[in-house]
Amino acid sequence: MLTILIADDEPLVRSSIRYTLQEISIKTSVVGEAENGEEALEFYRRLLPDVIIVDIKMPLMSGLEFIEEVRKIDHVTQFIVVSGYAEFEYARQAMRSGVNSYVLKPVKSSELEEALKKCILQLKDKYEEMLSESDKIIRYIEQNFSSPLTLEILAEKFNFSPKYISVLIKNKVGYSFTDYLTSLRIKRAVELITKTNQSVKSIAMSVGYDDPHYFDRIFKKKTGKTPSEFRENL
């Protein structure tokens, strides 16, 4: 089911779009409605919808500004611009910003359905691309987890925003970057404690922790024992 965020400052327009979505053959779920650009951005960050139906002119942050902010985070979410005839040039600008399509007010079910079909095709391509990038990122983390790693470092290396990197990792492995990185480090630490005579401090350094005391706390949080206690119970 396609998840939809509607962003328009007119309640009647939002209601009309929601009703129109119920008339078309494509299964959708409206996960949020925003009355201005700032609220829409907040909804987007929390909900990460597949498609955003957005008005060009909104208070606090225009539709174009909102689209630009989202595009700083990801290139997967699709946009359908809702525009009046007088705002046609704005719609053209939006198209140049990577918007999938636009429909004119009042929104007709046939035009909205056609726009959503375009979005679905784009999403399919984007998700395939995203899966490919996810594999590369996960492989890099697995090969470099003992080095200093942050979302910012990954973002710079793979040319995505930190937020987008975070979303890719969460979608791929099922939990956050921090949790995934920690699990890799602690798993390796357990192997070293079990199979070698390295000191706890040396093991901490080798799996990416400069502070042995912090390593102790993280290790105990994950295993229920400190590294020394874990070794004593082997």
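Summary of values
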quantity	calculated
Hits in segment 199-234 - residues which are part of a loop (DSSP other than H, G, I, E, B), surrounded by 13 or more Cβ atoms within 10 Å (Cβ to Cβ) and within 32 Å of the chain's Cα centre (by Cα)	Val207, Gly208, Tyr209
Residues (more than 19 Å from the chain's Cα centre (by Cα) and in contact (Cβ under 8 Å) with a residue 60 or more places away in the chain) located in segment 111-129	Leu112, Glu113, Leu116, Lys117
Only listed residue being modelled with pLDDT of 90 or more and of a type in the set (Ser, Thr, Tyr), chosen from Ser147, Ser97	Ser147
Search result, residues across segment 5-28 that are buried (at least 19 other Cβ atoms within 10 Å of the Cβ) and either out of contact with any Ser or Thr (no Cβ under 8 Å at 6 or more places or on another chain) or outside the structural domain of Glu111 (by TED's automatic domain parsing) (or both)	Leu5, Ile6, Ala7, Asp8, Arg14, Ile17
Test: residue in segment 58-77 that is of a type in the set (S, T, N, Q) and under 26 Å from Ala155 (Cα atoms)	yes
Where a residue in segment 210-234 is under 18 Å from Leu181 (Cβ atoms) and its partner, wherever it lies, is in a loop (DSSP other than H, G, I, E, B) and not polar (S, T, N, Q), with Cβ under 8 Å and at least six apart	Phe215/Val207; Phe215/Tyr209; Ile218/Tyr209; Phe219/Lys225
Pair list, Cβ under 7 Å, 6 or more apart: segment 29-43 residue surrounded by 19 or more Cβ atoms within 10 Å (Cβ to Cβ), other residue basic (Lys, Arg)	Glu33/Arg14
All helices (runs of 4 or more DSSP H) inside segment 98-187 with 3 or more residues being assigned by TED's automatic domain parsing to the domain that holds Arg14 and among the acidic types (Asp, Glu)	109-144
Pairs, first surrounded by 15 or more Cβ atoms within 10 Å (Cβ to Cβ) and at pLDDT 85 or above in segment 156-176, second assigned to a helix (DSSP H, G or I) and of a type in the set (Phe, Trp, Tyr), C-beta under 6 Å, six or more apart	Ser166/Phe177; Ile169/Phe177; Val173/Tyr180
Odd one out for Ser132, checked against (1) touching a residue at least 12 places away in the same chain (Cβ under 8 Å); (2) at negative phi	(1)
Filter result (among the β-branched types (Val, Ile, Thr) and either under 22 Å from Met130 (Cα atoms) or part of a helix (DSSP H, G or I) (or both)) within segment 188-198	Val190, Ile193, Thr194
Considering residues of segment 78-94 that are surrounded by 15 or more Cβ atoms within 10 Å (Cβ to Cβ), touching a strand residue (DSSP E or B) at 6+ places or on another chain (Cβ under 8 Å) and within 17 Å of Ile17 (Cβ to Cβ) only, the residue modelled with the lowest pLDDT	Ala91
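The values are calculated or read from the model by the stated rules, or taken from the named source; none is laboratory data. The structure presented is a predicted model; accordingly, all values stated were derived computationally and were not measured. Cβ atoms come from the backbone with ideal geometry, glycine included; neighbour counts cover every protein chain shown.
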